[in-house]
Amino acid sequence: MKQGDIIYYTDELNDEIIDFKIKPIKIDEHYKYIHSNPFHKFWSFFSYRILATPLVTIYFKLIKRVKYENTKILKKQKQGGYFIYANHTNQFSDGFSPTIICFPKKPHIIVNPDNVSIPFWGRLTRNWGALPLPDTIKASKNFSNAIEHTLKKNNPIVIYPEAHLWPYYTKIRPFDCKSFRYPVDYGLPVYTFTTTYHKNKHTKKPKIIIYVDGPFYPDKSLDRKTAMQKLRDEVFEKMNERAQSSDYEFVKYIKRSKDD
């Protein structure tokens, strides 16, 4: 996308802005979320920590000059896993910034099956912690086990509740409370990452500032559904508050009715 592009949409919840045109693999009971093979474990560690992490840090912090604000609050979360909710507006930053922000912990990102279906790249994302949503009931059990396994290793899980990627969008799209069942069920804290866009003095591409906020805790005095909704509302409110600091609309989004 280039500066000044106009994107028309009708539905903030369901419209796909980017069509990857990739036939996703089926995430059934045969998909392996947790690997015990020593070679696989070594390659995952080597490719992620020795190769990817340094390159990602150099690229985003030194070359792209992405600024990460308030990351110190995650340093206090030394023991136990936690959940991160973020707006979904930048394909590469959304995929790699959690690595920088959560270091030395290894974040695992819940993704659509498309993300692990790309030849070669999809296999790498699997090694680096992508958790594709299951397509079958039997796969759902393995998916749940993978989440529990990740949390027991004291690693965070990243969720993009908006689901669809809208590049450079400067507002927070509405999302429901379904994904908040995880922190409610596990009784774990929630943090937010909010990506904002600002005028860049050196290039036409916007400057990115990502704000970290939290923790937000599930209210144990409420029933499950009410606790999920309350947590969702707190997260949405904070992300919306941070998003208002964006001062540069690189791509313009215009809503039109379905009859237009």
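When restricted to residues that are over 16 Å from the mean Cα position of the chain (by Cα) and either buried (at least 21 other Cβ atoms within 10 Å of the Cβ) or not in a strand (DSSP E or B) (or both), segment 194-215 contains 9. Looking across segment 105-120, the residues that are in contact with a helix residue (DSSP H, G or I) (Cβ under 9 Å, 6 or more places away or on another chain) and surrounded by fewer than 18 Cβ atoms within 10 Å (Cβ to Cβ) come down to ASP114, ILE118.
If you filter segment 74-130 down to residues that are under 26 Å from ILE7 (Cβ atoms) and among the aliphatic types (A, V, I, L, M), you find that the one that is farthest from the chain's Cα centre (by Cα) is ILE118. Just to be sure, is VAL251 modelled with pLDDT under 95 and surrounded by 18 or more Cβ atoms within 10 Å (Cβ to Cβ)? So VAL251 passes the test. Could you name every one of the strands (runs of 3 or more DSSP E) located completely within segment 100-178 that has at least 2 residues being closer than 22 Å to MET239 by Cα? Answer list for segment 100-178: 108-111, 157-159.
Collect the residues in segment 69-84 that are crowded, with 18+ Cβ neighbours inside 10 Å, out of contact with any helix residue (DSSP H, G or I) (no Cβ under 6 Å at 6 or more places or on another chain) and not polar (S, T, N, Q), keeping them in residue-number order. Talk me through it step by step, then tell me what you get.
Looking only at segment 69-84, we keep the residues that are crowded, with 18+ Cβ neighbours inside 10 Å, and these are 74, 77, 81-84.
After this cut, where a residue has to be out of contact with any helix residue (DSSP H, G or I) (no Cβ under 6 Å at 6 or more places or on another chain) as well, the list is 74, 77, 82, 84.
Matches in segment 69-84: LEU74, TYR82, ILE84.
Taking the criterion of being under 23 Å from the mean Cα position of the chain (by Cα) and within 24 Å of THR136 (Cβ to Cβ), the residues of segment 22-49 that qualify are ILE22, LYS23, PRO24, ILE25, LYS26, ILE27, ASP28, TYR31, LYS32, TYR33, ILE34, HIS35.
A Cβ distance below 7 Å, combined with a sequence gap of six or more or placement on separate chains, defines the contacts here; from segment 28-40, residues that are exposed (fewer than 10 other Cβ atoms within 10 Å of the Cβ) reach no residue that is assigned to a loop (DSSP other than H, G, I, E, B) and charged (D, E, K, R). Is it the case that segment 229-252 has a residue that's over 17 Å from the mean Cα position of the chain (by Cα), assigned to a strand (DSSP E or B) and of a type outside the set (Val, Ile, Thr)? There is at least one residue in segment 229-252 that is over 17 Å from the mean Cα position of the chain (by Cα), assigned to a strand (DSSP E or B) and of a type outside the set (Val, Ile, Thr). Sub-8 Å Cβ pairs linking a first residue in segment 59-76 that is assigned to a helix (DSSP H, G or I) to a second residue that is among the polar types (S, T, N, Q), at least 6 apart or interchain, are PHE60/SER93; PHE60/SER97, ordered by first then second residue.
The values are calculated or read from the model by the stated rules, or taken from the named source; none is laboratory data. All values reported here derive from a predicted model rather than from experimental measurement. Backbone-built Cβ (ideal geometry, glycine too); neighbour counts: all protein chains shown.
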